[in-house]
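All remarks here apply to the structure that follows.
The values are calculated or read from the model by the stated rules, or taken from the named source; none is laboratory data. This structure is a prediction, so every number in the text was calculated from the model and none was measured. Because the Cβ atoms are built from the backbone with ideal geometry, glycine has one as well, and the counts that use them run over all protein chains shown. These area figures cover heavy atoms from the full protein model, side chains too; ligands, DNA and RNA do not enter into them. Shrake-Rupley method; radii C 1.70, N 1.55, O 1.52, S 1.80 Å.
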Protein chains: 6
Amino acid sequence: MGLVQDFNAYRSKMNDKIAEADNLIIKRIFNLDTNAYSEGHLSIKSKELIGLTCSLVLRCDDCVKYHLGKCKEAGFTTEEIHEAMGVATLIGGTIVIPHLRRAFEFWEELGHV
Amino acid sequence: MGLVQDFNAYRSKMNDKIAEADNLIIKRIFNLDTNAYSEGHLSIKSKELIGLTCSLVLRCDDCVKYHLGKCKEAGFTTEEIHEAMGVATLIGGTIVIPHLRRAFEFWEELGHV
Amino acid sequence: MGLVQDFNAYRSKMNDKIAEADNLIIKRIFNLDTNAYSEGHLSIKSKELIGLTCSLVLRCDDCVKYHLGKCKEAGFTTEEIHEAMGVATLIGGTIVIPHLRRAFEFWEELGHV
Amino acid sequence: MGLVQDFNAYRSKMNDKIAEADNLIIKRIFNLDTNAYSEGHLSIKSKELIGLTCSLVLRCDDCVKYHLGKCKEAGFTTEEIHEAMGVATLIGGTIVIPHLRRAFEFWEELGHV
Amino acid sequence: MGLVQDFNAYRSKMNDKIAEADNLIIKRIFNLDTNAYSEGHLSIKSKELIGLTCSLVLRCDDCVKYHLGKCKEAGFTTEEIHEAMGVATLIGGTIVIPHLRRAFEFWEELGHV
Amino acid sequence: MGLVQDFNAYRSKMNDKIAEADNLIIKRIFNLDTNAYSEGHLSIKSKELIGLTCSLVLRCDDCVKYHLGKCKEAGFTTEEIHEAMGVATLIGGTIVIPHLRRAFEFWEELGHV
């Protein structure tokens, strides 16, 4: 249970510090990052699926955790998430497996929050 | 127009040679690769969206071309493809832009085949 | 000493959960991963050397740890492991060095288990 | 000599097509990309040095070519460019060497344009 | 405060063990790594800027921490560091953001040591 | 047949230009690269196997071609090369497949030179 709260707390704390730094390039990247995942030609679910699987093949644990949280909110089932991560592991190779383990653990925790 | 045919011809020729080599590990990877994109908990469209965007952030031109062809068959509109590739470019950074150029060119060619 | 046990315990626990999830794509990847490192045209030692060095250039700490354990079982000497990791660091660049540090630590721990 | 013109012509043609597509996310990334390299807390030369070396370690030939052109305009000497690319090759490893070859060729061509 | 000392202590301890191992390839890489960042055609500041941003786009937290320490010694201001990291995040994409958070935290800690 | 000669000719021409540039860091990397693959604690065959598979998972076509040539000289059979590349494709994922196609083509050409 602590896994999800710890992740959110650190992310939140550091995002605040980054915002305070007031660097123009970074602010615009963060702003674009927020807007890009809203409904457009593609649904929010499709965009979160992209966010999750791209994060997994690029092997970024924190990005995977963030998008798993968003996928939960968007209503994905456990079977759909497992399948999406299976396809991503096939694309990215067995090198993705350690990240898959941590993603499974985080997804399970999200179900208990 | 030649872009699509050239890509398909080389891919086909080399896949045949790889199949002839009859290596067990490679055969099983190819077999799994074929099956993974069929309808399951996720639709074919969702899986092709994963294939396209993961290929783009991993900056594999040939993989992008292959999945663009499959996305065309699956019925994605040009607006949807552009948006999916926009999200992938945001995730993968400006380093993805040269691959985005080639993807735009290939997608346009697919419309003329 | 705890380093090796902790790694094995978490890996084992999460592999069980992943197996329970019973996703077809993931199961086939895990199955292929197990079979690929058995004796074939190449010896087990050659395959573990591939596993270790590819994991190092791809900078996957957990994959490196796993293959270091397998290399120990396969009978590699410390001098051979250091040399293999030296070649991998040359290929992958100084960006590999932090992973090399953790690999040295894990290999030493393996000698005390 | 044709190397530089070919690169610029294709880049220009495809950037126009991407602009016509009028996708909001892509337009904002391109816009930010243009602004990010202007004078700020860091000089244009410092930013182009970042652009060149990050492109090289990420092994993006087209990005390297683009920033070599910008580095030429910004007044870098050949010795400085070689040294910067040397440091980048050390960081990224011998896997960068094929890209270094193409970068040397393009830099030489830039001197004849 | 402990963040900086912990990083330095582990780095130091493991570098000693790696030196003791006396592997010729590794020793030459470490030696070259030390020499490459000294004054040459480019200033030490320019080289540290390369080191920092290449480490960030390659998403190596330990390499980022090391070069942040060197950038501090070399006299970079906080505004310059933020801008450099902003450009690197644009190049490497939003996948870099979790590493940016940890870099911001480490840079702040460096100011308190 | 032209594939092998073209590759060698360009590589040779550009290596000469890079040598003429006389940059100290680059010269030392090239020198170390030459020495690292000679007989040591590991055999030349083991080192070339590392070079080939690491190049493949890092998806560097030119590096793969170079090491395929060296593997040919070192006496590897076609079955061994296919198996090594199969393991590398499993590690690196289906994203490696386009590079595998080009590697198969180059290995075949090497048999006709």
Taking only Cα atoms of region D:73-113, radius of gyration then Dmax in Å: 10.7, 31
Solvent-accessible area per residue, Å², over chain C with all protein chains present [probe radius 1.4 Å]: 39
Neighbour net charge for residue E:98 - beta-carbon separation under 10 angstrom, K R +1, D E -1: +2
For region F:63-72, Karplus couplings with θ = phi - 60° (6.51, -1.76, 1.60), whole Hz, Gly/Pro x: 5, 4, 4, 4, 6, 4, x, 5, 5, 4
With DNA, RNA and ligands ignored, accessible area of residue F:41 (1.4 Å probe; Å², nearest 10): 110
Cut-off 12 Å between beta-carbons: net charge of the residues surrounding residue E:4, Lys and Arg +1, Asp and Glu -1: -1
For residue E:44, label point 7 Å along C-beta direction: distances to other copies, nm: 2.9, 4.4, 5.2, 5.2, 6.3
Axis-nearest residue of C (beta carbon) for the C-onto-A rotation, whole Å: C:59, 5
Per-selection metrics, chain C (Cα): Rg and Dmax in Å: 14.6, 41
Reference-scaled alpha-carbon Rg (2.2 N^0.38 Å with N residues) for the protein assembly as shown: 0.90
Debye-sum result for region E:39-86 in log10 I(q)/I(0), which assumes one identical scatterer on each alpha carbon, at q = 0.21, 0.25 Å⁻¹: -0.64, -0.89
Percent carbon-and-sulfur accessible area, region C:19-70, ignoring ligands, DNA and RNA, probe 1.4 Å: 48
Nm distances between copies for residue F:12, ranked from closest, using label points 7 Å along Cα→Cβ: 3.7, 3.7, 5.2, 5.7, 6.6
Karplus (6.51, -1.76, 1.60) ³J(HN,Hα), θ = phi - 60°, over region D:102-113, in Hz, Gly and Pro reported as x: 5, 5, 4, 4, 5, 4, 4, 4, 4, x, 9, 7
For A:75-86, mean number of other protein chain Cβ atoms within 10 Å: 6
Euclidean distance of C-alpha centroids, region A:36-104 and region D:75-113, integer Å: 37
Karplus-derived HN-Hα couplings along region A:30-46 (A = 6.51, B = -1.76, C = 1.60, θ = phi - 60°), whole Hz, x at Gly and Pro: 4, 5, 5, 4, 5, 6, 5, 8, 7, 3, x, 5, 9, 6, 4, 4, 4
Shielding by other protein chains, F:95-108, mean Cβ within 10 Å: 6
Buried area at the E-D interface (accessible, heavy atoms, 1.4 Å probe, summed, Å²): 2300
Given charges at beta-carbon only (K, R positive; D, E negative), |dipole| of the protein assembly as shown in Debye: 0
Cα-centred dipole magnitude for region B:1-67, charges only on beta-carbon of K, R (+1) and D, E (-1), debye, nearest 20: 100
Across the identical copies, how the residue B:77 labels are spaced - nm, sorted shortest first, 7 Å along Cα→Cβ: 2.8, 4.9, 5.8, 5.8, 6.8
GNM result for chain D, Cα springs below 10 Å: residue of D:52, D:100, D:90 fluctuating most strongly: D:90
Solvent-accessible ranking of A:10, F:37, largest area first, probe 1.4 Å: A:10, F:37
Contact order normalised by residue count of chain A, Cα under 8 Å, 6+ apart, percent: 33
Nearest-20 debye value, chain A charge dipole, Cβ charges on Lys, Arg, Asp, Glu: 280
Average beta-carbon neighbours from other chains, 10 Å sphere, peptide A:44-54: 6
Cβ crowding within 10 Å averaged over residues, with E:13-23, E:73-83 ranked highest first: E:73-83, E:13-23
